Amino acid sequence: MKKIILPSIVILGIFILTSCGSDSTKNNTSTTTTTVAANVSGEDVYKRTCVACHQPNGAGIPNTFPPVAQSDFIADREKTITQVIKGKSGELVVNGVKYNNVMPPQNLTDAEVAAVLTYVYSNFGNSGAPVTIDEVKAVRAKQ
C-alpha cells in the first residue's frame, strides 16, 4: 500500500506545481499602457493559470495554497503584482493563517497580469481598483 501512496503524492504534487504555471511562450509586451487591454480576459487568465491552486471560488486549498478570496494579502498591490511576476517560496501569512509552499513565477504579459489581478480585485468578495498595465510595468522594472 505504501508503495502506491508515495508515488501518487509525488505525481499529485508535480501536477499542482505545473498547473499553477503558465504558457512559457508568452512575451512581456503589451499594446495598451494605461488600462487593461480589452482583448485580455482576467477570468480566462485566472482559469488558465490560477484556478488549480486558488480554486474556482478563490478560497485556495486549506493548509496548502492561500485564498485570494477576501484576502488581506492583496491589499499591498505592489507585493501582489511582484508575487505574480516573480513567484514566491517559503512562509506567507494570509488572513492570519501561515502557508509554506511554492508559487512559481507566472510567465504572463503585462496586460495579462493587469487583467488577472483586476479580476481578482473585483471578484471573490474583494474590492479594489483595476490594476493597470503601467502599474505592472513599473513593478516589473524594479525587479
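The values are calculated or read from the model by the stated rules, or taken from the named source; none is laboratory data. The model shown is predicted, which means the values in this text are computed figures rather than measured ones. All Cβ positions, glycine included, derive from the backbone under ideal geometry; neighbour counts span all protein chains shown.
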Of all residues making up the stretch 89-124, the number that are part of a strand (DSSP E or B) and either of a type in the set (Ser, Thr, Tyr) or touching a strand residue (DSSP E or B) at 6+ places or on another chain (Cβ under 8 Å) (or both): 11
Qualifying residues in the stretch 22-58 (those that are surrounded by fewer than 16 Cβ atoms within 10 Å (Cβ to Cβ) and small (Gly, Ala, Ser)) - the one modelled with the highest pLDDT: ALA38
Filter result for GLN70 (modelled with pLDDT of 95 or more, of a type outside the set (Ser, Thr, Tyr) and closer than 20 Å to LYS142 by Cβ): no
Some residue of the stretch 88-97 being crowded, with 18+ Cβ neighbours inside 10 Å and more than 10 Å from the chain's Cα centre (by Cα): no
Matching residues in the stretch 125-141 - criterion: being assigned to a helix (DSSP H, G or I) and in contact (Cβ under 8 Å) with a residue 40 or more places away in the chain: ILE133, ASP134, GLU135, VAL136, LYS137, VAL139, ARG140
